[in-house]
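Report on the structure given below.
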Amino acid sequence: MSTFYPNVSPMTAGLRCACPRCGRGKLFKGFLTVNDRCSVCGLNLARQDSGDGPAVFLIFILGFLVVPIALWVSMNVDWPLWLHTIVWSVVILGLALGMLRPAKAYVVALQYRHRRDELEDPNA
């Protein structure tokens, strides 16, 4: 007998860092370490692999957003070069670390949605 699970939006699961099947269990057991199983629905999360996708997406997105702002600030504010280095390094690192967990959770949720048959555990 199969159990019904609600249709969880990948965006919602990603932002909440939740299980892509039930939307309630925690996806991560560490900063970026995926749990072996969902504590709520029992989905085998160890089979989920996001690879380098989230990091690559963030490099492109943050580069597209931060570089024009940094150039604008550089042309309109007379900061010394060392201050630019510190400010933009902190901004990029902060945004990247803050966005990496939700980005990884979103990619895992997309994989689950589009490759569900491969990722479901037939014994669960």
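The values are calculated or read from the model by the stated rules, or taken from the named source; none is laboratory data. Computed from a predicted model, the values in this text were never measured in an experiment. Positions of Cβ are backbone-derived with ideal geometry, glycine not excepted, and every protein chain shown enters the neighbour counts.
State which residue pairs qualify: first residue free of Cβ contacts under 8 Å to residues at least 40 places away in the same chain and inside the range 90-102, second residue not in a helix (DSSP H, G or I) in any location, beta carbons under 9 Å apart, and separation of 6 or more residues or different chains.
So the pair list comes out as Leu97/Phe31.
How many residues are modelled with pLDDT under 90 and surrounded by fewer than 18 Cβ atoms within 10 Å (Cβ to Cβ) if we restrict to the range 1-23?
7
List the number of the failed condition for Gly42; all other conditions in (1) part of a helix (DSSP H, G or I); (2) surrounded by 11 or more Cβ atoms within 10 Å (Cβ to Cβ) hold.
(1)
Show the residue pairs that are 6+ apart or on different chains and have beta-carbon atoms under 8 Å apart, the first residue being within the range 20-40 and within 20 Å of Tyr5 (Cα to Cα), the second being among the β-branched types (Val, Ile, Thr) and in a loop (DSSP other than H, G, I, E, B).
Pairs that qualify, where the first residue is within 20 Å of Tyr5 (Cα to Cα) and the partner is among the β-branched types (Val, Ile, Thr) and in a loop (DSSP other than H, G, I, E, B), are Pro20/Val8; Arg21/Val8; Cys22/Val8; Cys22/Val40; Gly23/Val8; Arg24/Val40; Gly25/Val40.
Results for (1) in contact with a Gly (Cβ under 7 Å, 6 or more places away or on another chain); (2) within 13 Å of Pro102 (Cα to Cα), shown as yes or no for each residue.
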site	(1), (2)
Pro6	yes, no
Cys19	yes, yes
Gly23	no, no
Cys38	yes, no
Leu45	no, no
Ala55	no, yes
Pro68	no, no
Trp72	no, no
Pro80	no, no
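One residue is enough: does the range 94-102 have a residue meeting the conditions part of a helix (DSSP H, G or I), over 14 Å from the mean Cα position of the chain (by Cα) and either more than 19 Å from Glu120 (Cα to Cα) or at pLDDT 90 or above (or both)?
yes
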